1. How much length would be gained if the chain were fully extended between ARG348 and ARG290, taking 0.36 nm per residue of separation minus their Cα-Cα distance, in nm to one decimal?
2. Tell me what the chain gives for mean residue ellipticity at 222 nm when only DSSP H runs of n ≥ 4 count, each as -39,500 (n - 2.57), the sum divided by the residue total, rounded to 500 deg cm²/dmol.
3. Which order do the peptides 231-243, 150-162, 349-361 take when ranked by the mean count of other beta-carbon atoms within 10 Å per residue, highest first?
4. Are there GluC sites (Glu not before Pro) in region 172-251 that DSSP marks as loop and that have at most 13 other Cβ atoms within 10 Å, and which are they?
5. So, in nm, how far is label ARG74 from label ALA428 when the simple model puts each one 7 Å beyond its Cα toward the Cβ?
6. If you take every DSSP beta bridge whose two residues both sit in the chain, what share of them, in percent to the nearest 5, is antiparallel?
7. Could you state the number of Å between the C-alpha centres of region 26-63 and region 263-326?
8. Over all distinct Cα pairs, what is the inverse of the mean 1/r for the chain, reported as the Kirkwood hydrodynamic radius in Å?
Amino acid sequence: MRLPHAAAIALIAAAAVSVVVARAPDARLREFRGAYPETARPNGIVRERALTAAPADVTFPDGRRLAVWAYDGRVPGPTLRVRLGDAVRVRFTNRLPQPTTIHWHGVRVPNAMDGVPGVTQPPIAPGETFVYEFTPKDAGTFWFHPHLRSSEQIERGLFGVLIVEDAHPRPYSRDVVWVLDDWLLDHGEIFPEFNTRHDLIHDGRWGNVITVNGSTAERLDVAPGDRIRLRLLNVANGRVFRPDLGGLPARVIAVDGLYAARPVDPAGFELAPGNRLDLDVTIPSDAAGRSWAIVDRFTRRDIPLATVVAAGAPVATPQFASPAAAHVPAWRDTADVAPRTEMRLNNRVGGPFGIEWTINDAAFDHAHAGAAHAAFPLPRGAWSKIRFVNESYRLHPMHIHGLFFKLLARNGVAVDEPFFRDTVLVHAQETVDVGTVPLDPGLWMAHCHILEHAESGMMTLVDVR
Ligand code: C2O
Ligand code: CU
C-alpha cells in the first residue's frame, strides 16, 4: 500500500517527534546520572571463603553463655572485608535443623544471588551447600542474613557484616564495626516462641537484653588524635535505635552503604532494623582521660549501648577530607508527581499466625513466594516515585532489595536528605514518598524489616525490567 505523499511525510514527522519525546531523559533522570554505577568494575580478584550456619554455644564478652544459631560459630557472624572490584565467592553450608538462604542486604547483586527462597533460589536444605558469587558494585557497609523464617533465624544469631572498602580506602587510624541487636532471653535462653501474637500486634519482637557486638558493655579504647571510621548496623528483629553519641565528635558520612553528598550531623538519626550508619569520628588530641557514653534514646527508657574511652599519648590525626558521594540528586519539586507505585500498609485478622500484615490488602504467601504473587512493575533506568501509606499505628521500616532510593517527603512535606537509603522507617499513620532509579533487573523483594511483620505477610515484589 502506498500512502499519499503528504500523509507519509506527516506520519514520518509524527514518528520522529514521538521518538524524541520518548527518549528525552526527564530532568530527574538527568539529575541522577552518575549517582552510582550501572555496572561493576571487576578487578579480577576473587575473595573466596567457606561459611557455615549451625547451632552453637557462644560466650559473649561479658561472660554470658547462650545456645544460638551462628555463622562460623560466632555472634555476630564474621565480618567479610573486600575491596570494590573484588568478586565475593561464599561456599555456604547449611548445618541448621531448617532450610535457609543468605540475603546480602543492600548489595546490588545479580538477582539469582539475592537469596530469596522461592523467588531467586530454592531453599538450601540442611546438609546442602550453595555458592554465592557476585561482584559488589558499591563500596560501603552491608550485612547478610537468612531470608527464610528470618524472624526466628536472625533472632537466634544468624547475621554477619560485609564491608566493601573503597578501591583506595582513606587512611583512618581504625575501622570499627558496631552491630546493634537485642535479645529476648528467658531463663538464660532465647525465648523459643516466635511470631507471637504480642510480637505481631506490636512492632515485632523487642528483646530484654541489648548488645553491641554481642556485649552489654561494649567499650572502644582509643588514643587521643585517632580518626575512626565507625560503622553502626541494626540487626534487631524490631527494635529501632536512636543513638545519642554523648558529644563524641562524629559526622555521618554514609547511610545504608552509600556515601552522603556531605557530612551530616548524626543527632536524632533513627537507626531502624536493616539501617546502617557510617561515622567519621575524630578524637580530640587533648582527650586523654575522657570518655563518651553512647546511649539509645528511641524509647522513653535510655539504654546504654557502648563507651568510648580515650587514654594514652596523643597520636597524629590522619588528615583528609571525609569521603563523600560525588553526586546525590536533590530531586526537589516532586510533590505533584504521581507515584508509580503506592503501598498501603495495614493488618487484619487471619493467616497462619492469627494476624497478618498486608500491603494493599494482600498478605505475602511465603509457601508460594515466586509463583502467583503479583509484582509491582518498576521500569529499569527510569525515575519512579514510590509511596508508602501507613494506615496502621505501628512502625514499618520498609526495605527494597536491589536498589537504593532517596527520601522525598514525609506526610507531603519535602525532606532533602543528602543520601540514598535502602530502608526507610515509616511511622504510625505516616505517608512517605521515595524516589528511585532502579538499574538492576530482576524480581526484588520489598518488605517491612520488622521481621515478624514480614513473616506474617508484609512483603511483596517489585519487577525491575
Ligand atoms: Cu535485610 Cu529482605 O532484607
Ligand atoms: Cu512493619
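Bear in mind that the values in this text are calculations on the coordinates, not laboratory data. The structure presented is a predicted model; accordingly, all values stated were derived computationally and were not measured. Here the Cβ is made from the backbone with ideal geometry for all residues, glycine too, and neighbour counts use every protein chain on show.
1. On the way: separation 58, 0.36 × 58 = 20.88 nm, distance 5.15 nm.
This chain segment gains 15.7 nm when fully extended.
2. Working: 5 runs with 39 residues, N = 465.
It lands at -2000 deg cm²/dmol.
3. Values: 231-243: 25.0, 150-162: 23.5, 349-361: 16.8.
Put in order of decreasing packing, that is 231-243, 150-162, 349-361.
4. When the GluC sites (Glu not before Pro) of region 172-251 are filtered for loop state and at most 13 Cβ neighbours within 10 Å, GLU193 remain.
5. That separation, rounded to one decimal, is 4.1 nm.
6. On the way: 87 of 122 bridges.
Of the beta bridges lying entirely in the chain, close to 70 percent run antiparallel.
7. Taking the Cα centre of each part, region 263-326 and region 26-63 sit 23 Å apart.
8. Details: mean 1/r = 0.0430 Å⁻¹.
For the chain, inverting the mean 1/r across all distinct Cα pairs yields 23.2 Å.
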